[in-house]
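The values are calculated or read from the model by the stated rules, or taken from the named source; none is laboratory data. In this text the structure is predicted, and so the values were computed from the model without any measurement. As a convention, Cβ positions derive from the backbone with ideal geometry for all residues, glycine included, and neighbour counts pool all protein chains shown. Side chains included, ligands, DNA and RNA excluded: accessible areas come from the protein's heavy atoms. Shrake-Rupley method; radii C 1.70, N 1.55, O 1.52, S 1.80 Å.
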Amino acid sequence: MNQSVAAMANEGNNLIVDHVLIDNDWLRQLLDVLREIEVLFVGLDCSLVELERREKVRDARRQGFAVQQIEKIHNGKIYDILINSFETTPKDCVQKVLSFYQNETPSAFERMRNKNE
C-alpha cells in the first residue's frame, strides 16, 4: 500500500489516505517513500468505549481490534493535527484541516524522519 500511495503522490495526485499504522515499520517505510512529498499527517483519536461501540455496529468479525490497537496506535508518531473523532463533528474536522493549511506548514513527517535518523 505504501508504494502505491507514493506512486500516486509522485505523479502529482493530491490524496487523502486512511491508513492504520499499527506497525512502526509501515510508518518508517512511508517516511522514506514520501520523502519528497508534503504530507499533512492527521491522527485520529477516540475513546475505547466509543471504538468498541463502533466495532459492534460495523461487523461482528472485527470485534477486538480496538482494544488490541489502542495501546500502540499512537506510539512513536508525531502529528501535524490530532483530532478526536468522537468529540469533533466532521465539519469541525474539515475546518481544523483548512485552518492548519492557512496558518502552518506540515512538518510531522520531517520531524519524525529527523527523530529516527
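Considering only ASN103, PHE86, LEU44, whose Cα is most displaced toward the positive end of the charge dipole of the chain, charges sitting on Cβ of Lys, Arg (+1) and Asp, Glu (-1)?
Final value for the positive-end residue is PHE86.
On alpha carbon coordinates alone, what is the Rg over Rh value for the range 44-97, Rh being the Kirkwood radius?
Details: Rg = 12.5 Å, Rh = 12.4 Å.
Ratio of gyration radius to Kirkwood radius: 1.01.
Which percent of the accessible area of the range 39-117 is formed by carbon and sulfur heavy atoms (probe 1.4 angstrom)?
Using a 1.4 Å probe with all protein chains present, the range 39-117 comes out at 52 percent carbon and sulfur.
Rounded to the nearest 0.05, what FRET efficiency do GLN3 and LYS56 have when you use their Cβ-Cβ distance and R0 = 30 Å? Kindly include the intermediate steps, with their values, before the conclusion.
Working: r = 34 Å, r/R0 = 1.14.
The formula returns an efficiency of 0.30 here.
Would you list, by chain and number, the aspartates and glutamates whose Cα falls below 16 Å from the Cα of LYS96, excluding same-chain residues fewer than 8 positions away?
List returned: ASP45, ASP80, GLU87, GLU104.
Between GLN95 and GLN69, what is the label-point separation in nm under the 7 Å Cα-to-beta-carbon projection?
Roughly 2.8 nm, to one decimal.
Taking the range 22-79, which GluC sites (Glu not before Pro) meet the DSSP loop condition and have no more than 13 other C-beta atoms within 10 Å? Mind showing how you got there, number by number?
Values: sites: GLU36, GLU38, GLU50, GLU52, GLU55, GLU71; in loops: GLU36, GLU38, GLU71.
The qualifying sites are GLU36, GLU38, GLU71.
At 1.4 Å probe size, with every protein chain present, just tell me what the per residue accessible area of the chain comes to in Å². Numbers along the way, then the final one.
Details: 8280 Å² over 117 residues.
Using a 1.4 Å probe on heavy atoms only, each residue of the chain averages 71 Å².
Taking K and R as +1 and D and E as -1, what net charge do the other residues with C-beta under 12 Å from the C-beta of ASP45 add up to? It would help to have the intermediate numbers written out before the result.
On the way: positive: LYS77; negative: GLU50, GLU87.
That works out to -1.
Quote the FRET efficiency, to the nearest 0.05, computed for ASN114 versus LEU15 with a Förster distance R0 of 25 Å and r equal to the Cβ-Cβ distance. Numbers along the way, then the final one.
Values: r = 23 Å, r/R0 = 0.94.
Computed FRET efficiency for ASN114 and LEU15 comes out at 0.60.
Apply 1/(1 + (r/R0)^6) to the Cβ-Cβ distance of GLU104 and VAL49, taking R0 = 30 Å, and write down the FRET efficiency to the nearest 0.05.
On the way: r = 32 Å, r/R0 = 1.06.
The formula returns an efficiency of 0.40 here.
Quick one: Debye curve from the alpha-carbon atoms of the chain only, equal weights, vacuum; give me log10 I(q)/I(0) at q = 0.14, 0.17, 0.22 Å⁻¹ to two decimals.
Taking Cα atoms of the chain as identical point scatterers yields -0.69, -0.99, -1.38.
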